[in-house]
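Read the structure below first, then the notes.
The values are calculated or read from the model by the stated rules, or taken from the named source; none is laboratory data. Quick caveat: nothing in here was measured; it's all calculated off a predicted structure. Positions of Cβ are generated from backbone atoms using ideal geometry, with glycine treated the same way; all protein chains shown enter the neighbour counts.
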There are 2 protein chains.
Amino acid sequence: MASLEPDIQPKAEPNPALAAQAAILARPATEERRMADAVRALAIDAVEAAKSGHPGMPMGMADAATALWTKFLKFDAADPRWPDRDRFVLSAGHGSMLLYGLLHLTGHAGMGIEHLRRFRQLHSPAAGHPEFGEHPAIETTTGPLGQGFANAVGMAMAERLLAARFGPELVDHRTWVVASDGDLMEGISHEAASLAGHLRLGKLTVLYDDNNISIDGDTSLSLSDDALKRFEAYGWAARRVDGHDAAAISAALGEATKSDRPTLIACRTIIGFSAPKKAGTAASHGAPLGPDEAAAAKSALGWNHGPFEVPEGLREAWGKAGRRGAGAREAWLWRLAEHPQRAEFERAMAGRLPEGWNAPLAALRAKWAEEKPKLATRVSSQRALEALVPAVPEMVGGSADLTGSNNTNVKGVPAVSPGNWDGRYIHYGVREHGMAAAMNGMALHGGIIPYSGTFLVFGDYMRPSIRLAALMRQRVVHVLTHDSIGLGEDGPTHQPVEHLASFRAMPNLHVFRPGDAMEAAECWELAVARADGPSVLALSRQNLPAFRVDAGENRCARGGYVVAEASSGSRRATLIASGSEVQVALAASDLLEAEGIPCAVVSLPCWELFAEQDEGYRAEVLGEDALRVGIEAAAEFGWSRWLGERGLFIGMPGFGASAPAEHLFRHFGITPEVAAAAVRKRLAG
Amino acid sequence: MASLEPDIQPKAEPNPALAAQAAILARPATEERRMADAVRALAIDAVEAAKSGHPGMPMGMADAATALWTKFLKFDAADPRWPDRDRFVLSAGHGSMLLYGLLHLTGHAGMGIEHLRRFRQLHSPAAGHPEFGEHPAIETTTGPLGQGFANAVGMAMAERLLAARFGPELVDHRTWVVASDGDLMEGISHEAASLAGHLRLGKLTVLYDDNNISIDGDTSLSLSDDALKRFEAYGWAARRVDGHDAAAISAALGEATKSDRPTLIACRTIIGFSAPKKAGTAASHGAPLGPDEAAAAKSALGWNHGPFEVPEGLREAWGKAGRRGAGAREAWLWRLAEHPQRAEFERAMAGRLPEGWNAPLAALRAKWAEEKPKLATRVSSQRALEALVPAVPEMVGGSADLTGSNNTNVKGVPAVSPGNWDGRYIHYGVREHGMAAAMNGMALHGGIIPYSGTFLVFGDYMRPSIRLAALMRQRVVHVLTHDSIGLGEDGPTHQPVEHLASFRAMPNLHVFRPGDAMEAAECWELAVARADGPSVLALSRQNLPAFRVDAGENRCARGGYVVAEASSGSRRATLIASGSEVQVALAASDLLEAEGIPCAVVSLPCWELFAEQDEGYRAEVLGEDALRVGIEAAAEFGWSRWLGERGLFIGMPGFGASAPAEHLFRHFGITPEVAAAAVRKRLAG
């Protein structure tokens, strides 16, 4: 296969891509080239119409994508949600017109010419970047680089997990990715690729758009990696092909389908292929070509059709490609109809929880109401998992190399290992970001409810992926332990201070911080039941006494509630706390009540749910006329919402320190005595 | 050199490391081994005394570290801040006792036995993880994995930049790193290593503690990378040695000093070396050995001394090693004394800004007061940089492959390239996290004020490193453009919503969001002047009209101020905004004033500085009795602090959408008309 490598040299003048491009354009125009040109033309037209967008990538990768979509990708445009379809992930999401063009041409409903004409306009499914939920064939939201790549690793893991559970007759599909230089420069690509290589995800194939161009210019400005060698070091198969040679690409794709290792195919391409001036330059990356260059590009392709026009012959060829998988899908439907696990498969893929899924948890809660166990919430979380994981077979756990600290494992539930998927626990390694993105991929794939663990402070490493889970409304659960200075000696690098606030600021994320075992179980129930978004469980390292002895209603469901009403008279203060500080509030209240200052104690394990309650309930809980006091071993940021302007806050003034936990609580003044004194003083003043 | 590889096989039983350990212990005990044993014994003792900590790593890496510190590392314990010292970074910060033991033994003041006895106690310089500022020889705060590694890349870059500026007679030192499996699993290691390889940082050497163990157990649970091949793919030199063979290590270190590429030395070690039961297992990683195992470990070493005791002979040998660099330092001081750039070198290294550094900026501001330019703040930021960068030669810019969007480059200021350090701009590539951590390293090195660029939304990718800059109080400046839905069509993945809040929640970080050109210049002045912490500049993509026409006082210095007082009577409402929404507030105020509703408009470009003002000033600005209305194209989280319970907020209800910016502002109701209507209704109600 011809390599373009010698022709495309960085920084040389004049633009050396143009000679290579001329040579490619001089090749006989096969039907495959014409089909690819249709993708190019639509990308050019849509970006021109929108007056913004990224034409260069679709123009460069059209040949490779056409080979994939017409010969290898298993799909049926008639049912883009067919569970056993191959997954296609456009990690380089800025090239969204590549995907929209392919969806349109293959005949997917809901991606008509009228939608492409409204590329990047309000309410169009053809958004600036592919957005999950805007069209059923969009597998994941991409754009933030590296995320799609790592989602795909999770999808390929989900495929293996479900194949182990339901058998290859129901689950046997591949995952394909188009990734850019930027995707591979991002650190998350290291974590995800290393994990994929370790787990030998042979059904994962990445087409790397190896075009030597990034936004700042030639990649030689910042990049000298030998990408093939790098991926081989991860245990991948890796090769480079001419990305404009359909036969070479098809051969490489064929090889990939036989590999027992994940495969990287570096497609050497010319960004903005066919544009006579901008091809091979960053100028074609992120802006319309402009009318003249756009016309000249089409002319170079021999594309003589008007904007958004596709000749009937090509439409037919593409339409046929769009139904290539119809027979496979029909056969699969027959297999499903007769499959003994049909109902269970359909239930899991639909994201419906099993009948009675929370009964074991209810039993545990009833037991705890009796026993009042004093447990760290990371330990009560583990007990809750022992009740949940056997009852909810789609739950798949893991930890970023902190299993014993996060308590995310469940006895008798094996971990997966390379080649053995008969497990429901993942040793993700020290790869928080890759873990979170892979979990998104598993949730998006369907049939899996992923949960994971690391320290709360390292939630920062996962933040870009958690944000995407929130944006895509995916059910993923992050167990984030060691949630305050209560972790002690490891010091300020490991002590979250601002993390509760920063996660609470994120739209559509539920942040749970239970204060005792009962609340931990309740929060787990809410997180698993939440089908339309991610949850974070912030859990203590240290033991916490039980304050809840009622097991009926899930009281955390309202986000906040009165744990103890004032007993010595009508409330003068409301002490509002979460997690380990509920006990500080209770003890402070005891001190104050003993002095005749009536206090209520409120537990606020989930701000987002509390905010959803009606104003009357909130006012009743917070106490309209009482002094409101927030107690949380964290930054004050955000607390004003509940405390009002006259409120008091007892918490962290800044970063933590290295010392035993009890010394730190005293040092930072997060104690019942300090809280009581502050209330006393304020009420006297 | 002997390799331990065949002996340490994952998961075999019984513990295969023990045979290898026995073989090593049977070797003749050289003085070097004895010196290393002193490091081991101190680590064992300190962790036992603290009843917590990580003995395994220091015990495993003591031999390699001893070879480095006694033969290669250029330092003088008498002056740990000697500017031309080699930098030593313990990226695997959990093994902090390795560093403290070395500092103690080499005779550094302020790390006496009394400090080691108080390992991990409040106010001890021997904190759980190395904390910058706790001892002058601690080069950086480490613990969050991968960060130290990437800091070191920045330090090595700083060395090259300063050597280019001041010559090798003042700047000629190396950077050494001890890194763990976890460091290399983190994505940031990919970004930093790839950048280091690209830039050919030959004076950077990483000793990889290749011990096959991570917290969850054997690394084979989650890792199959060929680390050597991986680093070779980045353009590094890479080799593996027996990490307990001092001669082999020294030979490898010697080779590294001759390399024109960065070097990875994989030291095959036994974690917890000498512990008869726990060596080679995760049990020695993160917990005290326990008295019996500790005693047995010392006995296996032939170490017959009491806790924290070091025999005089070894003390002398170590003390001598601690002054090895004294001669080099003295010679350097002579060279400095005679150097024509002495004053400038000392000024830059001390972090003092040049005399008159902000005069060009003042001139620009005076000009803008006249011209009232309508510019995007990312563009006025660039103009400010054109005034600052020539006047402040230690400023070194860059971008994570968004130079043309972030406007971080300055005409006439060249970029560095592999082998050519005569520049002050870095093409970081699509490596936000690596960039931020490298910037921390540059700031820590001294002599550089790094600033960088990416989109605000990708601030999430850098968050763990920004946190460390805040914790270490380092002057780094992040230019984060496209700061709202104002970025338009790229859609919700690229539109920050919660990022202002999440950064405002972080202790010691200043978040600036200027509203016009004048404010952009003022915020830049404050960010550069801020010697004790990082700053973020959140800047608009879209043009913003000027509202400031006064250029005297830097009004942003107070964090918030009245832009326009109510004119039709005494204030009934205060419209408080930042950035691009100040103009929305001004236009809303015009509408309301025209109806006879007197409104003041407040610009709040920096909450942290505003919070530092006295209560009287804040009350005057916010208007005690007025209706307070926050207007910001962002999440409401945190605004209650300024708005009170009766306040109104006009902003983003959740994630954004893909559409032209002006459509989005209308769609989300962030317009003067909507704001005015809300105020009108509330005041009527």
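Scanning the stretch A:306-321 for residues that are more than 27 Å from A:HIS54 (Cα to Cα), within 29 Å of the chain's Cα centre (by Cα) and either more than 14 Å from every other protein chain (Cβ to nearest Cβ) or not in a loop (DSSP other than H, G, I, E, B) (or both) turns up nothing.
A single entry from A:ALA520, A:ALA538, A:ALA505 fulfils the requirement of being in contact with a helix residue (DSSP H, G or I) (Cβ under 6 Å, 6 or more places away or on another chain), at the interface with chain B (Cβ under 10 Å from one of its Cβ atoms) and under 28 Å from A:GLY434 (Cβ atoms): A:ALA505.
It is to be established whether one or more residues within the stretch B:632-643 are in contact (Cβ under 8 Å) with a residue 40 or more places away in the chain, more than 30 Å from A:GLU134 (Cα to Cα) and of a type in the set (D, E, K, R). The answer is no; no qualifying residue exists. Of all residues in the stretch B:238-272, those satisfying the criterion of being within 14 Å of another protein chain (Cβ to nearest Cβ) and under 14 Å from B:LEU201 (Cα atoms) are B:ALA238, B:ASP260, B:ARG261, B:PRO262, B:LEU264.
Are any residues in the stretch A:635-667 more than 8 Å from every other protein chain (Cβ to nearest Cβ) and either in contact with a Pro (Cβ under 7 Å, 6 or more places away or on another chain) or in a strand (DSSP E or B) (or both), and if so, which ones? Result: A:LEU648, A:PHE649, A:ILE650, A:GLY656.
The number of residues in the stretch A:381-427 being part of a loop (DSSP other than H, G, I, E, B) and of a type in the set (S, T, N, Q) comes to 3.
When the stretch B:175-193 is filtered for residues that are outside any helix (DSSP H, G or I) and more than 7 Å from every other protein chain (Cβ to nearest Cβ), the ones remaining, listed by number, are B:THR175, B:TRP176, B:VAL177, B:VAL178, B:ALA179, B:SER180. Checking each residue in the stretch A:130-157 for being buried (at least 24 other Cβ atoms within 10 Å of the Cβ), more than 13 Å from A:ALA437 (Cβ to Cβ) and among the aliphatic types (A, V, I, L, M) picks out only A:ILE138. Might you check whether a residue that is touching a strand residue (DSSP E or B) at 6+ places or on another chain (Cβ under 7 Å) and farther than 25 Å from A:MET439 by Cα occurs anywhere in the stretch A:228-236? Scanning the stretch A:228-236, I find at least one residue that is touching a strand residue (DSSP E or B) at 6+ places or on another chain (Cβ under 7 Å) and farther than 25 Å from A:MET439 by Cα, so the answer is yes. The residues listed here are B:ALA326, B:ALA282; of these, the one that is over 30 Å from B:GLY486 (Cβ atoms), small (Gly, Ala, Ser) and crowded, with 19+ Cβ neighbours inside 10 Å is B:ALA282. Restricting attention to the stretch A:209-232, and to residues there that are small (Gly, Ala, Ser) and within 26 Å of the chain's Cα centre (by Cα), which single residue is surrounded by the most Cβ atoms within 10 Å (Cβ to Cβ)? Of everything passing the filter in the stretch A:209-232, A:SER214 is surrounded by the most Cβ atoms within 10 Å (Cβ to Cβ). Hey, among the residues in the stretch B:334-380 that are of a type in the set (S, T, N, Q) and not in a helix (DSSP H, G or I), which one's nearest to the chain's Cα centre (by Cα)? Of everything passing the filter in the stretch B:334-380, B:ASN358 is nearest to the chain's Cα centre (by Cα). When you look at A:GLU355, is it among the acidic types (Asp, Glu), free of Cβ contacts under 8 Å to residues at least 40 places away in the same chain and closer than 30 Å to A:GLY107 by Cβ, yes or no? Against the criterion (among the acidic types (Asp, Glu), free of Cβ contacts under 8 Å to residues at least 40 places away in the same chain and closer than 30 Å to A:GLY107 by Cβ), A:GLU355 does not qualify.
Would you confirm whether or not the stretch B:162-174 contains a residue that is within 14 Å of chain A (Cβ to nearest Cβ) and in a helix (DSSP H, G or I)? So far as the stretch B:162-174 goes, no, none of its residues is within 14 Å of chain A (Cβ to nearest Cβ) and in a helix (DSSP H, G or I). Take the conditions (1) closer than 23 Å to A:SER180 by Cα; (2) away from chain A (no Cβ under 11 Å); (3) among the charged types (D, E, K, R); B:ASP483 misses just one of them, which is (1).
Only residues that are among the acidic types (Asp, Glu), without any contact (Cβ under 8 Å) to a residue 60 or more places away in the chain and within 23 Å of A:PHE345 (Cβ to Cβ) were counted across the stretch A:392-422, and they come to 1. Can you confirm whether the stretch A:197-214 contains a residue that is farther than 29 Å from B:TYR425 by Cα, in a helix (DSSP H, G or I) and touching a residue at least 12 places away in the same chain (Cβ under 8 Å)? So far as the stretch A:197-214 goes, yes, one or more of its residues are farther than 29 Å from B:TYR425 by Cα, in a helix (DSSP H, G or I) and touching a residue at least 12 places away in the same chain (Cβ under 8 Å).
Within the stretch A:285-305, if we keep just the residues that are of a type in the set (A, V, I, L, M, F, W, C) and assigned to a loop (DSSP other than H, G, I, E, B), the residue that is farthest from A:VAL39 (Cα to Cα) turns out to be A:ALA287.
Scanning the stretch B:98-107 finds no residues that are over 22 Å from B:THR70 (Cβ atoms) and either assigned to a loop (DSSP other than H, G, I, E, B) or under 23 Å from the mean Cα position of the chain (by Cα) (or both).
Scanning the stretch A:35-69 for residues that are surrounded by fewer than 18 Cβ atoms within 10 Å (Cβ to Cβ) and either in contact with a helix residue (DSSP H, G or I) (Cβ under 6 Å, 6 or more places away or on another chain) or β-branched (Val, Ile, Thr) (or both) yields a count of 0. Number of residues in the stretch B:608-634 that are more than 22 Å from A:PHE503 (Cβ to Cβ), within 11 Å of another protein chain (Cβ to nearest Cβ) and surrounded by 15 or more Cβ atoms within 10 Å (Cβ to Cβ): the value is 2. Evaluation of A:VAL389 against the conditions (1) within 14 Å of another protein chain (Cβ to nearest Cβ); (2) free of Cβ contacts under 8 Å to residues at least 60 places away in the same chain; (3) crowded, with 18+ Cβ neighbours inside 10 Å shows that the sole unmet condition is (1).
Screening B:SER567 on (1) more than 35 Å from the chain's Cα centre (by Cα); (2) modelled with pLDDT of 95 or more; (3) in a loop (DSSP other than H, G, I, E, B) shows it passes everything except condition (2).
The set of residues in the stretch A:413-435 being facing chain B (nearest Cβ under 8 Å) and on the phi > 0 side of the Ramachandran plot consists of A:GLY429 alone.
Tell me, yes or no, whether the stretch B:347-363 has at least one residue that is crowded, with 22+ Cβ neighbours inside 10 Å and either basic (Lys, Arg) or under 22 Å from A:ALA283 (Cβ atoms) (or both). No, the stretch B:347-363 has no match at all.
Only residues that are within 27 Å of the chain's Cα centre (by Cα), surrounded by fewer than 24 Cβ atoms within 10 Å (Cβ to Cβ) and assigned to a loop (DSSP other than H, G, I, E, B) were counted in the stretch B:260-279, giving 2. Of the residues examined, B:ALA227 is not one that is hydrophobic (A, V, I, L, M, F, W, C) and farther than 29 Å from A:GLU232 by Cβ.
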